[in-house]
Structure formats: structure tokens, C-alpha cells
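The values are calculated or read from the model by the stated rules, or taken from the named source; none is laboratory data. All values reported here derive from a predicted model rather than from experimental measurement. For neighbour counting, all protein chains shown are included, and Cβ atoms are generated from backbone atoms with ideal geometry for every residue, glycine included. Accessible surface is based on the protein model in full, side chains and every heavy atom, while ligands, DNA and RNA are left aside. Shrake-Rupley method; radii C 1.70, N 1.55, O 1.52, S 1.80 Å.
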Amino acid sequence: MNPKHSFLIESFVGLGALLLIVSALGLYILNEPVRIVQAQDEVLAVQLDEAMTLYAENCAVCHGSNGEGIGATPPLNNPALLTMPYEDLYKTIARGRYQTAMPAWSIEDGGALSDYQIDELVLLILHGDWGETGDRVVNLGLAPLIPFTTEADPALLEEIGKLPDGATLQTAITLFAANCVSCHGADGVGTGIAPALNDPTVREKTPDEITRIITYGNTGTLMAGWGNILAPEDISALVTLIQRWEEVPSGTIPAPDVPIAVTEESLALGSQLYAANCSRCHGPEGQGTPRAPSLNVKSFLTETSDQAIQQIVTLGVPGTAMPTWGDRMTEAEIQAIVGFIRQWEPTAPEVAVLTRPGGGGPPWSRTDTSTTAPGLMPSTSSSTGTNTTDATTNPLTGINGSGQTVLQAILDWRLLVLLGVILSIAFTLIYSGLDALRRMPRNTG
Ligand code: HEC
Ligand code: HEC
Ligand code: HEC
């Protein structure tokens, strides 16, 4: 080829490469404001994400899963709050509202939250998505029991009246059911957010100590002071109850019969946990096996509340093969399983259809004695002969979360390769352009 032509071509290519880089740089600079806004949006998204967890852990119990307010506690999804100045919202959360149940949250005021976290909560109130927040609260197993209060079992309450100083216990049980049950749980057994009060360790505290905690609260925790709300004799009755709780039969302060809230995520988790832990005894679709009764049957599901199922699963059934799950699973996980089991109700058969021929007494009680190691039994799906695809494919939705990160990884990987290719092309072009320039004097001369 004519060297003059090849020189011309090479310098055009070099010039082209230069133009390409300059215009790319120009575009990048022009795009900078957009990029800054995008980066700010990303920061806000991270802050809102953190705020939703903070809300679930600290605020949902009083203000509701979706910020809708509970009883006398005001809603936070209230449009009026959007017009409240930022400083006022910040101060309300940081310092609390004096003489109300709204605690102070900033560390300076004895609370548990940093300035940054309070700022995030204000952002949540101003820019957050309450539907998403409600899902977060449910997924963390922190959805408050609504209604906030419950009622003592009248028959048991009457029995308690016959105990020495029974009237004081009756008063305290009524107060507890109305004010404390939402955090400290039915029968004072505790919940995910507050400790058990029917526990012997609480009785190790002196009556004075317990009185002080109920009157003034524990700053920095959800335990507000009740001194402004309850009379001193009410508080003293509650102290008596806490000290004499072993005399109170279980079931006196029942859990309110409210369905456990579910989300797509919690159902997927429940399905996964059920398949991994329960199906080998209760059957992949809850139809029951010779080792354990059917759970997927109308009579059981209509007669048993979500709270009751949660309690059975948490505590197990002593003296049977039904294990205690409370020490192996979180409250959120057990609630997810209960939500999954509850899903069967609309299509549950009237009568449990066990595949093994029966012969007097429940079949699981017979096999119970013959085998103590359920893990060694042959797979339940083959013995029951039912289609297990439902139970095994459902967890797919649960993998969604990690699936997304895989997608992100692929995107990142593609971007890197693209960047590498662009860079190497640019370098080759610049090099050939420079090379042509270097050879210029020789060619023209
Ligand atoms: C123990 C119950 C309780 C908890 C926990 C709680 N609040 Fe409150 N909150 C209240 C009550 C009661 C009020 C109403 C106070 C009043 O009467 O002015 C309130 C008021 C508010 C207000 C003002 C609403 C308005 O309309 O003026 C905001 C904002 C607020 N709370 C945010 C929060 C945030 C954020 C959290 C979690 C960090 C939280 N609260 C936790 C009980 C609670
Ligand atoms: C908003 C939730 C909430 C409510 C409502 C609530 N508590 Fe508490 N309570 C807590 C939390 C959280 C703690 C643990 C505080 C800590 O970590 O120090 C606690 C601690 C206590 C303790 C000390 C327990 C111990 O082991 O040290 C007592 C006693 C107590 N609460 C009594 C009551 C009584 C009585 C009521 C009703 C009048 C009540 N609480 C209402 C959340 C609550
Ligand atoms: C080792 C076998 C085994 C495993 C594993 C098992 N269960 Fe059970 N389960 C039983 C037996 C046996 C009973 C019946 C107890 C009885 O006789 O009251 C039972 C009873 C129950 C009941 C009460 C049923 C009723 O009709 O009253 C529920 C609810 C329950 N199990 C849920 C679960 C859940 C949820 C899991 C998984 C987290 C699970 N079980 C795992 C053996 C098992």
C-alpha cells in the first residue's frame, strides 16, 4: 500500500480516537449532575432501608406496622406530618413528648438512637413507603398484636379471686391485659421485643426495683414510665402480680386471636422451613403421616388460632415426638411457618386422609414408641405417595433475594468487560495515531 495513504489512514484513525475520548469525557461531564442526583437517590434508598428496620424494632409496636397508629397512639403515615417542619419532627423523636407514652430516643436524652438514625427516621416519615415498611415489620416478626389489648379469661379470673389477696391479683391481671400484654406477651411469657414477666428471674428483683421500673421506665428501651398513666396502687398491684405469677394459671391472659400477618417473603420462608423441618413427620402438604397428625385439615385449622399454633410449635408437645422449636428458630421464623400452615385453611379437607391403614388410636402414637429417631425413617413423600412439587418449588420465591444479587454480579461483570474492551480499543487507536505522527517527518521527507 502507498505509505502516504497508510499514513493518512492512521492519522485519521488517531484523530477519530481522540475525538471519541473527548466526546466521551464531555458526555461524562454533561452527565455529572444526573449522576449526582442518582447517587443521592441511592444514598436515600440506603437510609430509608435502614430506617425501615429501625422503625420495625422501635416504633411499630406503638405506631403500627404500616404507621397507621394503634389505639390512642397517632399514625405516622398521616399526611399532616409531611407539612411539619423537619426540626419539629426531629425534636419529637429525639426528645419524646413529655408526659405521654412517646419516649425520648436520642442518646443525649437517654435513648438508644444516634443523631444519624433519628435523621433516617425523619426521612422515613417524609419520603418512606409505608407498605414496604409494613412488609419489613412482618418479615422481622415484629408485627404488633392488634388490638393492643386483650381480656382476661373470666372463669380463670374468678378462680384467682379466691386466692389470698385475690382482688389485687385480679386488678393487676386486668391492668396487664389492657396495658402490658402487647409487649410482654400473653400470660407474661414475653415477646420478640420485651422480656417475660412470669419468669422467676424477674422475681429476684426487689419490689422496690420493680416499682421503680414500672413507674419511671428504663430509658433507652421501649419500657416507658407508667407513673403518669397508672395510679400508685395500680403499679403496686402489678408488682404483686409479677411476684406471684406462678399462682396464675396459664391461659388467664390469653393472646388476642389475631391472624399472624404474612408477606410474600414470609410465606416463602415458611414454606422452606416447613419442608426442611416439619414435612418428614407431618407430610409435605400437611396431610399427616403415621408419625404425626394432619395439620392440613378443616377441624384443626378452624379450631386453632394462629397464636395457639405458634405456641404449640414454640413449646412442642411434651411427652410426644413433637419437638420444641423455640430454641432452634426465631419468633419470626415460627410465625412464618404458622402463616404458611394457615394458607391451607381455604382448601383443607374436612377429614384427614392418612394413607396408612388405621387400627385403633392415632397412628402417630403407635409409631412414636417404635421409633425415636425420626430422621432415620424412610422419606415421607414416598410413603404417602403424594405430589411434593408444591412444597419443594415454593421456596423458589424465597431465593428471589439472592437471585437479584446474582443478577447484579452479572451486570457488574459485564460492565467490567465492556470497560476493558473500550479501554483496549482506545489505547490501540491512540497508539496507532501517535505512531503515525512519529513517522510523519520520514514519510513526507
Ligand atoms: C411506647 C409507645 C411509643 C413508641 C415505642 C414510639 N412512640 Fe411515637 N408517639 C407515641 C405517642 C403516645 C405519641 C403521641 C404523643 C402526644 O400525645 O403528643 C407519639 C407521637 C409521635 C410523633 C408525633 C406525631 C404527631 O402527630 O405529632 C412522632 C413523629 C413519633 N411519635 C415518632 C416515633 C418514632 C420514629 C418512634 C420510634 C423510634 C416512636 N415514635 C416510638 C408513642 C410511642
Ligand atoms: C412498648 C412495649 C412495652 C410495654 C407496653 C410495657 N413494657 Fe415493660 N418492658 C419493655 C421492655 C423492652 C423491657 C426491657 C427493658 C430493658 O431492657 O431494660 C421491659 C421491662 C420491664 C420490666 C423489668 C423486667 C426485667 O426483667 O428487668 C418490668 C417489671 C416491666 N417491663 C413491667 C411492665 C408493665 C407492668 C407494663 C404495663 C403497665 C409494661 N412493662 C409495659 C417493654 C414494654
Ligand atoms: C419428629 C416428628 C415431628 C416433627 C419433625 C414435627 N412434628 Fe409436629 N407433631 C408431631 C407429633 C407426634 C404431634 C402430635 C402430638 C400429640 O400427640 O399431641 C405433633 C403435633 C403438632 C401440632 C399440633 C397438631 C394438633 O392437631 O394438635 C402442630 C401445630 C405441629 N405439630 C406443628 C409442627 C411444625 C410446624 C413442625 C416443624 C417446625 C413440626 N410440627 C415438626 C411430630 C412432629
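For segment 236-259, what are the residues that are under 12 Å from Val189 (Cβ atoms) and of a type outside the set (Ser, Thr, Tyr)?
Taking segment 236-259 first, the residues under 12 Å from Val189 (Cβ atoms) are 245, 248, 250-255.
Those that are under 12 Å from Val189 (Cβ atoms) and of a type outside the set (Ser, Thr, Tyr): Trp245, Val248, Gly251, Ile253, Pro254, Ala255.
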Test: Ala80 is modelled with pLDDT under 95 and within 16 Å of ligand 2 (Cβ to nearest atom): no
Selection within segment 210-225 - near ligand 2 (Cβ under 8 Å from one of its atoms) and closer than 19 Å to Arg244 by Cβ: Ile210, Ile213, Ile214
Residues of segment 1-49 that turn out to be of a type in the set (Val, Ile, Thr), under 43 Å from the mean Cα position of the chain (by Cα) and farther than 21 Å from Leu123 by Cβ, as a count: 2
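Residue check: is Thr133 open to solvent by less than 30 Å² (accessible area, probe 1.4 Å), part of a helix (DSSP H, G or I) and under 21 Å from Ser182 (Cα atoms)?
The answer is yes for Thr133.
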Residue in segment 193-210 that is within 21 Å of Ala101 (Cα to Cα), basic (Lys, Arg) and not assigned by TED's automatic domain parsing to the domain that holds Ala60 present: no
Single unsatisfied condition, Leu156 versus (1) open to solvent by less than 30 Å² (accessible area, probe 1.4 Å); (2) more than 23 Å from Met223 (Cβ to Cβ): (1)
Test: residue in segment 250-266 that is assigned to a helix (DSSP H, G or I) and among the acidic types (Asp, Glu): yes
Residue that is touching a Gly at 6+ places or on another chain (Cβ under 9 Å), of a type outside the set (A, V, I, L, M, F, W, C) and surrounded by 11 or more Cβ atoms within 10 Å (Cβ to Cβ), where the choices are Ser6, Ser11: Ser11
In segment 85-103, residue farthest from ligand 2 (Cβ to nearest atom) [restricted to those that are over 20 Å from Leu44 (Cα atoms), open to solvent by 30 Å² or more (accessible area, probe 1.4 Å) and assigned to a loop (DSSP other than H, G, I, E, B)]: Tyr98
Qualifying residue in segment 78-99 (condition: closer than 18 Å to Val181 by Cα and more than 16 Å from ligand 3 (Cβ to nearest atom)): no
Long-range neighbours under 6 Å by Cβ, at least six apart or interchain, first residue touching a residue at least 60 places away in the same chain (Cβ under 8 Å) within segment 42-58, second outside any helix (DSSP H, G or I): Leu48/Gly128; Ala56/Leu140; Ala56/Leu142
When residues of segment 270-284 are limited to those that are open to solvent by 60 Å² or more (accessible area, probe 1.4 Å) and either of a type outside the set (D, E, K, R) or more than 12 Å from ligand 3 (Cβ to nearest atom) (or both), the one farthest from the chain's Cα centre (by Cα): Ala276
Gly69 surrounded by 11 or more Cβ atoms within 10 Å (Cβ to Cβ) and among the small types (Gly, Ala, Ser): yes
Of all residues making up segment 227-238, the number that are among the aliphatic types (A, V, I, L, M), under 16 Å from Gln170 (Cα atoms) and in contact (Cβ under 8 Å) with a residue 60 or more places away in the chain: 2
Residue count, segment 197-237 (criterion: within 16 Å of ligand 1 (Cβ to nearest atom) and open to solvent by 70 Å² or more (accessible area, probe 1.4 Å)): 4
Residue check, Ala60 under 25 Å from Gly227 (Cα atoms), near ligand 1 (Cβ under 9 Å from one of its atoms) and surrounded by 11 or more Cβ atoms within 10 Å (Cβ to Cβ): yes
